[in-house]
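The values are calculated or read from the model by the stated rules, or taken from the named source; none is laboratory data. Just so you know, these numbers come straight off a predicted model, no measurement behind them. Because the Cβ atoms are built from the backbone with ideal geometry, glycine has one as well, and the counts that use them run over all protein chains shown. When the accessible area is computed, the model is the full protein with side chains, heavy atoms only, and any ligands, DNA or RNA have been set aside. Shrake-Rupley method; radii C 1.70, N 1.55, O 1.52, S 1.80 Å.
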Amino acid sequence: MDLTLQLRQKQVLSQRMQQSAEILQMNTLALSEYIHTLSEENPLLEWTDPQDNIPKDNRLLDQMQWLHEADEQNRHLYQMDQDSDTEQENACFGQNPTASLRDYLHFQISILSITKQQQLLLDFLADNIQDCGYLDEEALHELQKRYHLSDTQKQALLTQLQALDPPGVGARNLQECLLLQLRMKGASKIAFLLVETALPDVAKNRISYLAKKLRCSIAEIKDALAEIKTCVPKPGSGFDVSSPTEYIVPDVFAFRCGTELEISLNTTHTPHIFVSPSYQSILRTDHSEQTREYIAKKLRQAQWAVECIHKRADTLLTTTKQIAAYQQDFFNSPTGVLKPLRMADIAEKMQVHESTISRAVKDKYLQCERGIFPLAFFFSKGIAVGAESVSVGSIQEKITALIANEDKHAPLSDRELTEKLIADGVKISRRTVAKYRENMGISGAAGRKQYD
């Protein structure tokens, strides 16, 4: 047996430090829920509603506003009741905009003049339609295998499904979806050829190349492309997919007070938590050792939780103030741009670790005159411009401006964009320009070219 002695350093976070880190990265809503849960688990913790701290004058104004909003809501509900009959009639004919695509397909299948067996098979396919409107290829194979269908029977069912509304539903890929819609529109032969043989070139707007390939004029290609553009690539996009609406609650406010920018935390959704003094009366009446140990344990947990929540507020407020001080140009002007800023820079000023700043801004939002922004938005890498550096957002704005002012019949290539930026003092490579352009969803020069 070989015994060796090794000396190693290992960092281990205690349970209390883990709790502190978790609280720091909670946003306002998560912290509110955490406080309620914590108070249920620890009898020594109590909380008060944040509205209890609002002055009475403000409460009166809030009550008057609530009454006004309630009156408006009653009128709105009355109007909804009047429209309910019309909505129900529309739903019966599959015209309800909030109905799902599958429900709409099932309704159409139910009124077809087909056998019960065919209706069962079509309902199976409708249940396997994706939210975008495409049919899962595996579902078609499973249907054929389960019900022992021939290839002819399978194709007949697929044709029936693809004849339903909306046009293009039941397609198995983009090409088939476009062909189905072109067939229903009675499109030109050239439009069919473009989709069948040159769809990648169509996406790149290679009009001259397509005209030579199909031996037709540029005008004919343009007309065919106009027909293709009337098609919907995702036929199910207009239907409800039952995705809940997500609302953003800002964690920090930045508002102007004269010439100064004031930063404050959003405390309207966060309960005020404190250690209840009731444990002292319990200790006076109950002298058992078990009770004392239990209360001492819960007291330590409660005090640490309150300390962590207060520390979170201080760290978040200080971090935001440092960001606002550095990004003054962004807050002072509606067209102000961000300066390059790293989390390490803020961490150095606050004399904390960079991971602390990362947790402090995680999933948190700031509301100012220009809108609501994630706190992480204010951290941006820099690119050299002369003796200074500018943020990536500023470079993207420059690229957008150059493309907006270009000649649409001879758009700027990525190389030409790079040369113009370098002439403006921005040291950047063509590959970086192409990456920024693609991230902004802007097509290349060929895709932006106009032929009229």
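Name the residue, out of ALA302, ALA347, ALA313, ALA325, that is buried (at least 18 other Cβ atoms within 10 Å of the Cβ) and closer than 22 Å to PHE378 by Cβ.
Criteria check complete, one pass: ALA347.
Could you list, in sequence order, the residues of the stretch 250-278 that are under 17 Å from GLU46 (Cβ atoms), touching a Leu at 6+ places or on another chain (Cβ under 8 Å) and open to solvent by less than 40 Å² (accessible area, probe 1.4 Å)?
Listed by number, the residues that qualify are THR270, ILE273, SER276.
Could you please find all residues in the stretch 306-358 being in contact with a Gly (Cβ under 6 Å, 6 or more places away or on another chain) and either free of Cβ contacts under 8 Å to residues at least 40 places away in the same chain or part of a helix (DSSP H, G or I) (or both)?
Across the stretch 306-358, the qualifying residues are ASP329, PHE330.
I'm checking my understanding of the structure. Among residues of the stretch 417-431 that are assigned to a helix (DSSP H, G or I) and free of Cβ contacts under 8 Å to residues at least 24 places away in the same chain, which one is most open to solvent (accessible area, probe 1.4 Å)?
If we take residues in the stretch 417-431 being assigned to a helix (DSSP H, G or I) and free of Cβ contacts under 8 Å to residues at least 24 places away in the same chain, then ARG431 is most open to solvent (accessible area, probe 1.4 Å).
Would you be able to tell me the number of residues in the stretch 109-123 that are in contact with a helix residue (DSSP H, G or I) (Cβ under 9 Å, 6 or more places away or on another chain) and either in a loop (DSSP other than H, G, I, E, B) or open to solvent by less than 40 Å² (accessible area, probe 1.4 Å) (or both)?
Selection size over the stretch 109-123: 6.
Filter the stretch 41-58 down to residues that are in a loop (DSSP other than H, G, I, E, B) and exposed (fewer than 11 other Cβ atoms within 10 Å of the Cβ) and give me whichever is modelled with the lowest pLDDT.
This residue is PRO55.
Give the residues of the stretch 256-281 that are over 27 Å from ILE23 (Cβ atoms) and part of a helix (DSSP H, G or I), sorted by residue number.
Correct list: SER281 only.
Got at least one residue in the stretch 197-207 being open to solvent by less than 20 Å² (accessible area, probe 1.4 Å) and assigned to a loop (DSSP other than H, G, I, E, B)?
Here is the first cut: in the stretch 197-207, the ones open to solvent by less than 20 Å² (accessible area, probe 1.4 Å) are 198, 207.
The next check asks that each one be assigned to a loop (DSSP other than H, G, I, E, B); those that pass are 198.
Yes, the conditions are met somewhere in the stretch 197-207.
What is the residue count in the stretch 155-185 for residues that are open to solvent by less than 60 Å² (accessible area, probe 1.4 Å) and not in a helix (DSSP H, G or I)?
Qualifying residue count, the stretch 155-185: 7.
Would you check which residues across the stretch 143-154 are open to solvent by 50 Å² or more (accessible area, probe 1.4 Å) and within 15 Å of ASN128 (Cα to Cα) and list them?
Matches in the stretch 143-154: ARG146 only.
Which is surrounded by 13 or more Cβ atoms within 10 Å (Cβ to Cβ) and under 21 Å from THR267 (Cβ atoms), of PRO374, PRO340? Don't jump to the end; show me each part of the working.
On the way: PRO340 fails: under 21 Å from THR267 (Cβ atoms).
Selected residue: PRO374, the only one of PRO374, PRO340 that is surrounded by 13 or more Cβ atoms within 10 Å (Cβ to Cβ) and under 21 Å from THR267 (Cβ atoms).
Which condition number in (1) modelled with pLDDT of 85 or more; (2) more than 30 Å from ASN205 (Cβ to Cβ) is the one that ALA384 fails?
(1)
Can you name every residue in the stretch 432-452 that is within 18 Å of VAL202 (Cα to Cα) and either more than 31 Å from the chain's Cα centre (by Cα) or touching a residue at least 12 places away in the same chain (Cβ under 8 Å) (or both)?
Listed by number, the residues that qualify are ILE442, SER443, GLY444, ALA445, ALA446, GLY447, ARG448, LYS449, GLN450, TYR451, ASP452.
Which condition number in (1) under 30 Å from LEU31 (Cα atoms); (2) among the aromatic types (Phe, Trp, Tyr); (3) open to solvent by less than 50 Å² (accessible area, probe 1.4 Å) is the one that TYR436 fails?
Among (1) under 30 Å from LEU31 (Cα atoms); (2) among the aromatic types (Phe, Trp, Tyr); (3) open to solvent by less than 50 Å² (accessible area, probe 1.4 Å), the lone unmet condition for TYR436 is (1).
Per-residue answers, yes or no, for (1) in a helix (DSSP H, G or I); (2) of a type outside the set (Lys, Arg); (3) open to solvent by less than 60 Å² (accessible area, probe 1.4 Å); (4) at pLDDT below 85:
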| site | (1), (2), (3), (4) |
| --- | --- |
| MET1 | no, yes, no, yes |
| LEU5 | no, yes, no, yes |
| ARG8 | no, no, no, yes |
| GLN11 | no, yes, no, yes |
| ARG16 | yes, no, no, yes |
| ALA21 | yes, yes, yes, no |
| ALA30 | yes, yes, yes, no |
| SER39 | yes, yes, yes, no |
